[in-house]
Each structure stands twice: as C-alpha cells, then as structure tokens.
Amino acid sequence: DFGRSSELAFVVEPSDDIAVQEQPLILYCQVEGIQPITITWRKNGVMIVDSENAFMLANGSLYVSRFQRVRGDGSSDEGEYDCMAQNHYGLVVSRKAKIQAATMSDFHIHPQNAVVEEGGVARFQCQIHGLPEPVILWHKNSMPVNTDNERYTLLPKGVLQITGLRAEDSGIFHCVATNIANVKFSREARLTVSGSHSTVYKDPMILVGPENLTLTVHQTAVLECIATGNPRPIVSWSRLDGRPIGVEGIQVLGTGNLMISDLTVQHSGIYVCAANKPGTRVRRTAQGSLVVQAPAEFVQHPQSISRPVGTTAIFTCVAQGEPPPQITWLRNGQILETSDHIKLKNNNSTLSIYGINQADEAIYQCLAENSAGSTQASARLTVLWADGLPSPPQGVRAETVSATTIQVSWEKPLQNTKEIIGYVLHIRKAADPVEMEYQEAVSKSTFQQLVTDLEPSTSYSFYIKAYTSRGASKASEVTVVSTLGEVPAMPSLFIKVINSTTVQATWEPSIKLGQHEGFKLYYRKVHLSQYTGPVLLASNVTAYNITHLDASVVYEVKLLAYNQHGDGNSTVRFVSLRETVERTVLNPPCDCMKDEQNNKTSTTGIIIGIHIGVTCIIFCILFLMFGYRGRLLMCKNVQEQLSTPQIPRSQRSATGLVLNGATRRDRDDRDLNGKQLDMNELERLFPASPSQEQQEKGIRSAHSLSAPHDETQISTLPLDEFSIIEEQPDPLPKNPHGSSPAAPAPDHGPANEG
C-alpha cells in the first residue's frame, strides 16, 4: 500500500451510469500519490475543456449540469468517459465509464384478448424497451393484480400467468411500465372464462417454453415454461449436459417457471423444460440457453519494479472474465507500441522490456476489457542509474574461427574502470528477437572470449557491458559476424548383396546430415588403386545398386555427402560376393515334394514302431496271465534284447531271428516255411544275460522298445501278429571291442525310425 500511495494510483474510478434527461450527472475520480497531481477528463478519447455545461470539481470529479441526449449542435453527453492523473513519475488512465441516457420506448407487444375454459391456463404478455430496464406491473379492471394469489404469477419480462382459471378471473387486464425516464400504459385485453371444467383427456402441451437469455453475474434469470393438458401435466427442469441444476438460489415460480438468483458463470448452459403426463412416460419438452457473462477482473496485478540500466524489466498482468477479456498496455496513458526491445507475450499478459534505459522509465498500465465490463491496473518502472559507472567498452571486434566458433575481443572502457568487477558478453542470432539473447560472463582481466557451439553459416550479433557493484555500463556498439559454412557429416552406409554380380548401397535419410546438395558414390576392387566414380546422387536418394561386379574379388564401396562448402568425410565398406556363389552351389534349390514325401514316410515309421512296442507288452501280459514257465524271464529278455538287440555270435544258431519286424511278404513266407519253436529254444535264444556293448557303427534295431512303456499309447493287436520265424544268418563284421555286433533288423524303410 505504501508503494502504491507513494507513486500514483486511483482510489475511486468512474463507473457506468444511466443519466436522466436535463438532470445533473456526477462522475467520480479520486487519485493518490506524490503531489503535485494533475487530473483531466476525456470523453470518447477527446479531452474535455471546462465549460458551463461540464467542468471538474475540486476533488477531481466531473460535473455535468444538464445532461442532454442530443444537443442543439448535434452533440450528445452520452459516451465513454475516463479520468487521467499525472505527476512527475508518469500518467495513469482510469477505466472507461459508459454513460447512457435513460429512455423508454413504446410498447411493442400488447396483451391480447383470450377465451379459456374453466380450469385452464391464461397468459398475457407485454414488452417494452428502456434504460434502465422498466418495471412492469399488471392491473385488472384498473386495479393492481393481487400478487398474493398463488394462481397469479408475474414474471420480470412482462408476463402474467393465471392457472386453474375460475369464473371470477374474467376481466380487463393491462400493464404499466415504469423507469426513471417515463411511465407508460399498454392497451387493454379481456379475459373470458367459459364453460365448466372439462374431463376430456388432452395430451401434455407446452404453451410457452424458455427463451435464450444473456445476462451478467449476480443478476436474476427467469426461464418460463407453461404447460397444459388433462390431467394437468407435471413440469420439471434439467440441463442438457446432464449436470445438476442445484438448489442454492433456485426457485420455481407458479407451476413451472424456473428462477435462478445471483447468477454465476457456472449457471451458463442449455436448460430443458419437460411436461409429463402423471403416471406415464408421455412428455413434451422445450429448451432455451442461458449465457452468463462476467466483467473482466484481475487475477494478478502488475507490480512496480526498479531495474538497473541495460537489464530486463518484466510486468505480468493476468485477467479473467466471460467472455475472456482482451488486454491492452498503456505507457503514460498512451497505447504501448512494441519494438525490438519491447515485447508482448502470452496473449499480452506479459510485457518484457529488454536493455532498459532512462527513456523507459514510466507508468505502465494493463487494461482488461470484455463485453461485460473493463478494469485497469498500473505499475511503475524505475530505471536505476548511478553516477561514476564505467563508460561502454571500446573496440568490440568479432572474428570467425570455424563453422561453430567466433572469437570476440574488446578494449576496456575509457572512464571509471577502477570499480569494474567483470564484463558480460551479449550474444544473439541476428535474425532472432531480442528475448532470445543470452549472455556469457567474463572476468575483469580478460578482453576476449571464444564463443562456441554456434550454428554454421549463421549471423550473430555481439555487444559488451562492463559491470560494477553499483550497476552496469551502457552497451557497447553492436558487431555482427557470420560463422563459416560446414561440410556435411558422414553418412551411415550399409551394403546388401543382391546376387552374384550386384550389391545395393543404402544410407541414412538426408535430414541427419545437415545442409548438403547430394552424395558421391565410389567403388573399386580392393587390389586396384583407382575408383570407379564418382556416381553423383541427389540429396533425396538413399539407395543405389552397383551391378556387373566380379564375384571372385572383394570390393571397396565409399560414400560421402557434399555441399557448396566441399566434400564431407566418407564412409567406407568392404563386400565380397564369393560367399553368395558358394551358397548357391552348396545349397541347391530344395525338392519340396520330395522332402514332403520323406516327412510323411518318417511319420509312418514312427507309428509302426509304437505298434510293435505295444504288441510286445501284450505278449508279456498274456504269458503272465496263463502262467507259462519262464514268462518273467521272457518279458525281461524281450524288453532288453529289443531295446538293445545284440547277442553274441557264439550264442546264435545257424538261423537268425526277427521279432515282429518282417514285412507282410515275410510274414507270408513265415506261414509257409516258418518253424514254431518250443519254450526251451526260446529260453536258449534269449538268455537272461547282461546286454552286450553295441558295435561302434552297429545298426540300431528298427523297433527299439527302449522308450518307457508308460509313454506309449496302447492299441489292441491280434495274437497272431506276434510270432518267431527263422531267417538265414547274415554275416556281420566283428565288433572292434571284441563283442558280437547287434542283430540287425530287416530293412523296412521308414519303420527304422521307430
């Protein structure tokens, strides 16, 4: 508060008003701050000169002796008035006060005669425009309508509703409109109540639904809804968006009119009136929109600040309202013009002043305005300047070192150098706005700075300030210099072999390489010194096929990007096509039909092997059931011998044995020539001795039963599927380990895989 009063601020501002013709009008304006303060008034932006009709009072208020809507010279006292106050710190302007003349037009809607059945609903309406809004009252038979009668409802917009009509409601009605400008009477209308109450069913019907309204916060909204029907319909209200209407400030007038007091912005929406037939789902609806506006008001006021010369001043002004307000900035009462060092951002909510100087010292105002009203707030900028500060640094020079580096040098100021504590180098792209500037601090004994991480082929501006503990010097002269151009970066190269004579070179999209004009592609045989190329490719090309190559040698492929500054570094890859040729020879195209047939045959063999194993299990079980001698020994030996079917040659007879492994042809021969053996010979052929080692390259039995029995799905086979037949011995080579080789099973093709 002390800060505001010590500068310049409004205590009272003029407000909107409605003036009466030929009556005096006073607009108030009160200011506080350091004297002397001068107050002046403007109307529609034009200075008001004291006259007999309008002059300023001693307290700064404006007095209009006889307000006139239209004067003899065609001028009017209506308009927008504002108050300006000025002292040696600056000038401020008040909010704009809108002054209008009180008026009242003629009625443009008069009540109409009506004939309504007893028990029905009668509605009269009259409308008239005026400032301020006229108050409308109703008279019946020249007497004010009794508002205590709950069947009579008077709505603010000039509507009279009468429900549950009776014979005594008949009469002559008219309305009376009143405001500070005038009093007017409407035409008369007769209401006739006919007949008795009807019992005939009638569907619900809405006679009048809600109309669209636009109001301001804190006002009262009345949404009309009047319905008829037999039986009498029930009227209800809802919001179209499904949100609850609430109960605070909500009231129902008459039989269905909705009144909302003390409006807020949250009350805006579309309201739906529904007339329901009692006990049914029969209904009729009507809807109307309510728009609630809110005048502009500040959420954050700008604050007065003090800043040294050459620094940045920032003012923030945040306002809200409905509709959202527009923000305008003033400097000492004049609209602020933006420039290179004055910027507005965030929808004008932020005012930034860069590199401030003495000329920027002023009072800055934020004006927020929308259709519902306006408001203003002000803040002062004080520019600090101390005597004895250094003069600007001299001889600023900038020299380009590389595509990303510039060296800046300068000389110390000519005056007041003893208190210098350092220098600040201000750096900015020449094409960027001032707010994109950044700084680098330098010690007081250093008079040059290497600026790195710059962009190639870009212009930069530089200036220097010398700093002391009491403030900064003025800025030095600005120097502008450009960085060197830069060659493109190395592309990422990939080589793909297409066939025995062709490879494809691919690389990354050009966006990763920087500015470039295209690519150069070279290739050669590694034992040669000369390249083939360059092949020039456009900047949007990312692949190239190299053809007619020799498959017997290794090639070197080189790719680089180039621009107007020269060639970039190249990427090199080596590729050999020999492996492709070898793979083609060693891996001829597959015979898919043959492979498929082999797969089918292998599957068949596995199934046959499982059936053979199951047959052996059944044979063992049968021998156990019938109690044959040696049944346990036989099952054990059958399992062991078929799992590892090898017996010493010394124990073999002149005839070999095949257990359930012959083809159908062999079984037929067995039926004709086979010799049934008794149990003694079976025991001799399958002794209960430990299994011998297999020959290192011995042939596995085609029907090994080494797999666990509990993993085999049992299938039923007839007993005659198991038999023992003679076979001519097949001489086998002696096992290198000294044991007899395993007895081979007959060759049954795929069944060996079982």
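The values are calculated or read from the model by the stated rules, or taken from the named source; none is laboratory data. Predicted model, so just to flag it, every value in this text is computed and none were measured. No Cβ is skipped: glycine too gets one built from the backbone with ideal geometry, and neighbour counts run over all protein chains shown. Side chains included, ligands, DNA and RNA excluded: accessible areas come from the protein's heavy atoms. Shrake-Rupley method; radii C 1.70, N 1.55, O 1.52, S 1.80 Å.
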Practice item. Might you let me know whether the range 328-338 holds any residue that is farther than 24 Å from S374 by Cα and of a type in the set (A, V, I, L, M)? Key: no
Exercise for review: Among the residues of the range 260-288, count how many are aliphatic (A, V, I, L, M) and within 21 Å of R232 (Cβ to Cβ).
Suggested key: 5
Review point. When only residues in the range 8-60 that are free of Cβ contacts under 8 Å to residues at least 24 places away in the same chain and acidic (D, E) count, which is least open to solvent (accessible area, probe 1.4 Å)?
Key: D50
Exercise for review: Kindly check whether there is at least one residue in the range 455-467 that is open to solvent by less than 10 Å² (accessible area, probe 1.4 Å), modelled with pLDDT of 90 or more, in the same structural domain as S552 (by the TED database) and among the small types (G, A, S).
Suggested key: no
Point to revise | Subset of the range 121-150 [surrounded by fewer than 18 Cβ atoms within 10 Å (Cβ to Cβ) and in a loop (DSSP other than H, G, I, E, B)] | key: H129, P132, E133, N141, S142, N146, T147, D148, N149, E150
Point to revise | When residues of the range 151-182 are limited to those that are more than 30 Å from R69 (Cα to Cα) and basic (K, R), the one most open to solvent (accessible area, probe 1.4 Å) | key: R166
Exercise for review: Go through the range 61-92 and give me each residue that's surrounded by 18 or more Cβ atoms within 10 Å (Cβ to Cβ), closer than 22 Å to G333 by Cα and acidic (D, E).
Suggested key: D82
Practice item. Find the residue count for the range 215-244, including only residues that are part of a loop (DSSP other than H, G, I, E, B) and either touching a residue at least 12 places away in the same chain (Cβ under 8 Å) or surrounded by 17 or more Cβ atoms within 10 Å (Cβ to Cβ) (or both). Key: 12
Review point. With Y63, Y81 as the choices, which residue is among the hydroxyl-bearing types (S, T, Y) and under 50 Å from the mean Cα position of the chain (by Cα)?
Key: Y81
**Study point:** Tally of residues being closer than 22 Å to P204 by Cβ and among the aromatic types (F, W, Y) across the range 258-300
**Key:** 1
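Which strands (runs of 3 or more DSSP E) sit wholly inside the range 329-386 and have at least 2 residues that are closer than 16 Å to R307 by Cβ and in contact with a helix residue (DSSP H, G or I) (Cβ under 7 Å, 6 or more places away or on another chain)? Talk me through it step by step, then tell me what you get.
Numbers: elements: 342-345, 350-353, 362-370, 373-384.
Once the strands (runs of 3 or more DSSP E) in the range 329-386 are filtered for at least 2 residues that are closer than 16 Å to R307 by Cβ and in contact with a helix residue (DSSP H, G or I) (Cβ under 7 Å, 6 or more places away or on another chain), what remains is 350-353, 373-384.
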Exercise for review: Scan the range 92-100 and give yes if some residue there is within 30 Å of H129 (Cα to Cα), of a type in the set (G, A, S) and in contact (Cβ under 8 Å) with a residue 60 or more places away in the chain, otherwise no.
Suggested key: yes
Exercise for review: Can you give me the number of residues within the range 166-185 that are small (G, A, S) and under 60 Å from the mean Cα position of the chain (by Cα)?
Suggested key: 2
Check your understanding: In the range 199-214, which residue that is outside any strand (DSSP E or B) and touching a Gly at 6+ places or on another chain (Cβ under 7 Å) is most open to solvent (accessible area, probe 1.4 Å)?
Key -> N212
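Among the strands (runs of 3 or more DSSP E) contained in the range 457-559, which hold 2 or more residues that are more than 37 Å from the chain's Cα centre (by Cα) and under 30 Å from S402 (Cα atoms)?
Where strands (runs of 3 or more DSSP E) fall fully within the range 457-559 and carry at least 2 residues being more than 37 Å from the chain's Cα centre (by Cα) and under 30 Å from S402 (Cα atoms), they are 459-468, 479-482, 518-525, 532-538.
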